[in-house]
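Contents: one structure, followed by commentary.
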Amino acid sequence: MSSPTKITGGCLCKAVRYEVNFPEDHDFKANSVACFCSLCRKQSGAVVVHVHILPRSSFTWTSPSATPAAPLANYQVIKDNLRWFCTACGSYLAWEGNGIIEVTAGTVDEEFLVGKKDGDGTVIEKGVGEQFCHPEGAVTWVNNSLGPVTEGIKGTRWKFSVAHGEKLPVKAAGGCLCGAIRYSVIFPPGHDFAMNSTKCLCTACRKQSGAMMLHLHTLPLSSFSCVAPASELGDYSRSPGYHRLFCKRCGSFIAWRQDPRLCG
Ligand SMILES: [Zn+2]
Ligand SMILES: [Zn+2]
Ligand SMILES: [Zn+2]
């Protein structure tokens, strides 16, 4: 499918209109987000809001004017995070902050989002919806999931927002007791959870943890990243090539590593 170059959109009452000219090398997948956050929910009334992240420079308000004017207004829950909406009809159009704008997919004009239709309402020229709301994009704030209601929303699931720097996927974030060491894990596609779950009764694990038995999960090293100062990460080696990682501040045993594998 060729990538879309330009789309238009606007609010329900048509008073507010915008235009997007996608940058030439725009990555549709990386910039697609389905958001479960309470703020988007409140503002939209929907339990899932698909937005698309764009550099602010690729987005233009075309009505009522290029400079925001009534009925276009913004509401700030967090200072300098502008939640644009129409005061005449209430449509939630975009979130803006830090040089980016996230456009709500639902306000993209139907001929661009769904596609061009014939007189019977059958799509004859497919729109950009599948790229704008990429099914392999991000799903954010999944800690606000609603069980089977939101289960089917496709994408990589994050506990918080990828746009706000909290890159901790929901089932694989962790850290030590004192918080100095934090890590995240992105499971490889097709990761076999059952095969990689281990219960270890070895003396070394017992000594290091103080526990009789340790539940560990094996991962390729490439899927693990430590998002805390490496200076706090202790590395105890009993034999060459084997590393026992722990927190130097609180003593928590984090992981056992034998490149390229890791058990934590
Ligand atoms: Zn309106
Ligand atoms: Zn949100
Ligand atoms: Zn309100």
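The values are calculated or read from the model by the stated rules, or taken from the named source; none is laboratory data. The structure displayed is predicted, hence computed values, not measured ones. Methodologically, a virtual Cβ is constructed for each residue, glycine included, from the backbone with ideal geometry; neighbour enumeration extends over all protein chains shown.
Residue by residue, here is whether (1) touching a residue at least 12 places away in the same chain (Cβ under 8 Å); (2) within 13 Å of ligand 1 (Cβ to nearest atom) holds:
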{"position": "64", "(1), (2)": "yes, yes"}
{"position": "76", "(1), (2)": "no, no"}
{"position": "81", "(1), (2)": "yes, no"}
{"position": "85", "(1), (2)": "yes, yes"}
{"position": "93", "(1), (2)": "yes, yes"}
{"position": "96", "(1), (2)": "yes, no"}
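Against the numbered list (1) of a type in the set (Lys, Arg); (2) touching a helix residue (DSSP H, G or I) at 6+ places or on another chain (Cβ under 8 Å); (3) away from ligand 2 (no atom under 16 Å from the Cβ), residue 79 comes up short only at (2).
Take segment 20-50 and flag every residue that is surrounded by fewer than 16 Cβ atoms within 10 Å (Cβ to Cβ) and within 16 Å of ligand 1 (Cβ to nearest atom).
If the condition is that a residue be surrounded by fewer than 16 Cβ atoms within 10 Å (Cβ to Cβ) and within 16 Å of ligand 1 (Cβ to nearest atom), then 45 is the only one that fits.
Looking at segment 10-26, which of its residues are out of contact with any Pro (no Cβ under 7 Å at 6 or more places or on another chain) and either farther than 22 Å from residue 91 by Cα or outside the structural domain of residue 73 (by TED's automatic domain parsing) (or both)?
Taking segment 10-26 first, the residues out of contact with any Pro (no Cβ under 7 Å at 6 or more places or on another chain) are 10-14, 17-21, 24-26.
Result: 24, 25, 26.
Counting only residues that are modelled with pLDDT under 95, in contact with a helix residue (DSSP H, G or I) (Cβ under 9 Å, 6 or more places away or on another chain) and farther than 15 Å from residue 110 by Cα, segment 1-22 holds 2 of them.
Any idea which residue in segment 39-70 is farthest from ligand 3 (Cβ to nearest atom), counting only those that are part of a loop (DSSP other than H, G, I, E, B) and aliphatic (A, V, I, L, M)? Going through the qualifying residues, I end up with 66.
Figure legend. Inter-residue proximity from segment 10-24: first residues over 14 Å from residue 84 (Cα atoms), second residues more than 16 Å from ligand 3 (Cβ to nearest atom) and charged (D, E, K, R), beta-carbon distance below 9 Å, spacing 6+ or different chains. Indicated pairs: 19/6; 20/6; 21/6; 22/6.
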